[in-house]
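The values are calculated or read from the model by the stated rules, or taken from the named source; none is laboratory data. What you are looking at is a predicted structure, and each value in this text was computed from that prediction instead of being measured. Cβ coordinates were reconstructed from backbone atoms using ideal geometry, including for glycine residues, and neighbour counts include every protein chain displayed. Ligands, DNA and RNA are stripped out before the accessible areas are found, and what is left, the full protein with its side chains, is counted by its heavy atoms. Shrake-Rupley method; radii C 1.70, N 1.55, O 1.52, S 1.80 Å.
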Amino acid sequence: MDIADLFEQVDWISFFVIFAIVISIAILFFRDCSFSFYDPAWFTVGSLSIAVSLVTYLKFSENFGYWPNVQYVCLAFLFFLIGVRATKFIITSFFNKSIRIDFDTDVAGAQFLMLHKILLILIAIISFLILTRAFAQGLPIFAEDPEAAKTAVNSGGFGLITRLLGPSLLLATSITILLITKKRISKTRGFVLIIPVVLSLLSSGSKGSFVLILISFVGVHTYLKYCDVQYTQPRAGWLVFCIAFIIVGYAFLVLILRGSSSDDAVMFAFKTFGIRLLAGGDAVFYFFSLNLHKLISFHPSDYIWDYGIAPVLSIFRLISYQKTLGLHISSELFGVDRGGPNPTLFVEGYSYFGFFFGLLYSFCIGVIFQLFRSAAFVSFMNFSAWRFLFFIVFFAAALTMPIDMILVASDLINSILLITVLWFFYQFLLMMICASTLRKS
């Protein structure tokens, strides 16, 4: 049974009752750990809540699946939330009196100037990558099926474009928001600089592409909340509402374009959007309710290879790309590799570490999740342009961590690759500035 088939059979009243209970528990644990009500981490918590609710609903309402699996999923989610809450408590207790940074000093001003130069380099890189993709592969949004085209351009040749473009957009948006927030550039100049980023997001064909703006916005303000001695949390309700409207609107645009050949493209978009929301638990549904937990298992030592060593070696073409856990699921279920669902911490923990150690894995993911989302580890340091970039990278990676760790490994490697390229370009820019100054003198 596919998740789309299940969507047609769900008793939504029963499902929403269970979901309301699960999300209420999640809110109780997580609300003090979030930056605000518009923290993108709520998307992650909501997706995990759907997964737990789906498995629980199937057992309670349809008698589908096994009680030990339902217990494991519920306990794993609870252990994840406890890990998040414990980390928040420790950070608040031990880092609350950490050294704060005065961003109005000359030293900080030099770092802001460096960020401005890095932003210009990023804009040049983004513009070059967009033009290269447009002429070499075409832009996904103009294809008949933008989602399929997005997958094709991401996987077929020119892979370096995808590897550099993703973190480039994240860092460029974050730097722009920081410079505007600290009044280092005007809003008008910031909007002009961000145009290539918006054009890239519009052409991406990815339904959730504009979530990147929300991630950058919250990431910047989380950093300032921990580090800025003069920080006050902004009233950003209308801004966040506009961003949310753009996110949902663009997602429906992509789905309408995809369903343009159907009888009712709008209805297709609504149905597909609903299936995608339910699909937050598709890997858990396939793995625990369709008995794949009896077919797919690994040794704990395999985790180090699959999630640590193999992704690095694969990027440099020293080995072939490994079959991910999501591909294992789709291969066992459908007989072909269909891209694979995001396994989530539930499936990763159980398949690699078993029932009991899988719960410990979920707790550890919760700890790292919240640690990456805090700026505690940079609050003792002086403000640095490069440290800020690394914080944004970790902040964004944390949101994917409970959903699919292989994506986290890939994102971190891509970001390190980009920051290395940025460092060399920045040094070259400094050399050109120095040479120009010497010629004038």
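Numbers at a glance
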quantity: Helices (runs of 4 or more DSSP H) enclosed by the range 268-378 - at least 2 residues per element that are small (Gly, Ala, Ser); calculated: 310-315, 325-334, 344-373
quantity: Condition check for Val312: open to solvent by 50 Å² or more (accessible area, probe 1.4 Å) and within 23 Å of the chain's Cα centre (by Cα); calculated: yes
quantity: All positions within the range 226-257 that are open to solvent by 80 Å² or more (accessible area, probe 1.4 Å), within 17 Å of Leu178 (Cβ to Cβ) and assigned to a helix (DSSP H, G or I); calculated: Leu239
quantity: Leading residue by the ranking (modelled with the highest pLDDT) among those in the range 99-132 that are buried (at least 16 other Cβ atoms within 10 Å of the Cβ) and in contact with an Asp or Glu (Cβ under 9 Å, 6 or more places away or on another chain); calculated: Ala108
quantity: Which listed residue is open to solvent by less than 10 Å² (accessible area, probe 1.4 Å) and either within 17 Å of Gly138 (Cα to Cα) or out of contact with any strand residue (DSSP E or B) (no Cβ under 7 Å at 6 or more places or on another chain) (or both), from Ile175, Ile194; calculated: Ile175
quantity: Residue identified as surrounded by fewer than 21 Cβ atoms within 10 Å (Cβ to Cβ), more than 20 Å from the chain's Cα centre (by Cα) and not in a helix (DSSP H, G or I) among Phe64, Phe7, Phe94, Phe35; calculated: Phe64
quantity: First in the range 289-305 and of a type in the set (Gly, Ala, Ser), second anywhere and exposed (fewer than 13 other Cβ atoms within 10 Å of the Cβ) and part of a helix (DSSP H, G or I), Cβ under 7 Å, 6 or more apart; calculated: none
quantity: Matching residues, the range 10-27, being open to solvent by less than 40 Å² (accessible area, probe 1.4 Å) and of a type in the set (Ser, Thr, Tyr); calculated: Ser14
quantity: Given (1) buried (at least 22 other Cβ atoms within 10 Å of the Cβ); (2) modelled with pLDDT of 95 or more, number of the condition Cys364 does not satisfy; calculated: (1)
quantity: Residue that is farthest from the chain's Cα centre (by Cα) [pool: residues in the range 413-441 that are under 30 Å from Tyr352 (Cβ atoms) and open to solvent by 40 Å² or more (accessible area, probe 1.4 Å)]; calculated: Leu417
